[in-house]
Amino acid sequence: MDILKFVRTQWDRTGAVVAILGGLLVLLLGWLGTSDTKYVAQQIPYVMSGGLLAIMLLTIGAVLWLSADLRDEWRELSEQGEVLLAEQEARDRMIEERVAQEVARQLGAARSGVSARSDVAVHR
Amino acid sequence: MVLSDLAPGDDTTYRSDGASASGYRPVRAREYLTAREPWSARSGIVAAALATAGAVVVGVCWYGGSDLRTAEDQAPWLIGSVIGTAVFALGGVLWVIAGFRSVRHGMRQLAADKREFALGGRITGSRDHAPASGHAGLVIASGMVRTHRPDCLLVLGKQVRAVGPADDGLEGCGVCLP
């Protein structure tokens, strides 16, 4: 499977990986930016822009990945439900066929009985 | 707002029903057969609103606090941005919880339906988003060798046509599983 098709079909997992990698990158950049500063007042903007942004990106990644798993679960449930409905339809058809066969058999028996009685009447 | 408002089948309960073969049946329609995704529109709106609000708060706090020279002045903005991050994360958590709740209810519904079917009962459900049997509802684009559901990701944005008798023998897509 080529990469573009994979990205299109697994967009949520691709987004999750991108967001997590982005979060780690932002975290690293924030650390690099703040590690050489001496004053807390210089570090706090890096915490807000680097650290918290990284947390947000990691949250996005986690949510996207879990959403992909939940979508897979939901699709599986839907498929199992459709299989169940298909089995029910097959069972309904089988019951209808059996009922039709039984009706035909009883009708045939009734007709042959009438015919036999007719024969008896003729012979009498 | 409570969590039960977020997922499509959240308030699904099971009750004893004399007409049911297994004794239980879902009160609400079977979401796992009718809904495309485990999330309702409302859960998406709530999650998106919280995430957007949190991101805006973080942005505003970063903008407000970055020009200040003392840590004492920056502290309120830092606290605000932490709160914004928490609100942002809350949106994601609610989204995931809503999805888990729907899937859990779907599993319960499916288990109840299987029990019902095994005991000879009937399952009343509609496959609103599923195509009918055969080729009905399936599409294909030029150059493709597999049939797809109309909402399949592999045909989105492409010029498609309905699958007809001439396409007999083509396999179904491995992604949308028509």
- Item | Charge tally in the Cβ shell below 13 Å around residue A:100, where Lys, Arg are +1 and Asp, Glu are -1, residue A:100 excluded | -1
- Taking springs between alpha-carbon atoms closer than 10 angstrom, which of A:102, A:79, A:89 fluctuates most in the Gaussian network model of chain A? A:102
- Task: Taking the convex hull of the Cα atoms, report for segment A:3-123 its projected area averaged over all directions, in nm².
- Result: 12.2 nm²
- Item | Listed peptides B:164-170, A:31-37 by packing density, highest first (mean Cβ within 10 Å) | A:31-37, B:164-170
- Note on the structure: Protection proxy (average C-beta count within 10 Å per residue), highest first, orders B:50-56, B:97-103, A:106-112 as B:97-103, B:50-56, A:106-112
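How many partner chain Cβ atoms sit within 10 Å of a residue's Cβ in peptide B:79-86, on average, as a whole number?
On the way: counts 0, 1, 8, 5, 0, 3, 8, 2.
For peptide B:79-86, the averaged partner shielding equals 3.
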- Using only atoms on other chains, find how many Cβ atoms lie within 10 Å of each Cβ of peptide A:36-43 and report the average. 3
- Message: Please list, by residue number, every one of the trypsin sites (Lys or Arg not before Pro) in segment A:1-105 that is coil in DSSP and has at most 12 other beta-carbon atoms within 10 Å.
- Response: A:38
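Bear in mind that the values in this text are calculations on the coordinates, not laboratory data. Because the structure is a prediction, the values reported are computed rather than measured. Backbone-built Cβ (ideal geometry, glycine too); neighbour counts: all protein chains shown.
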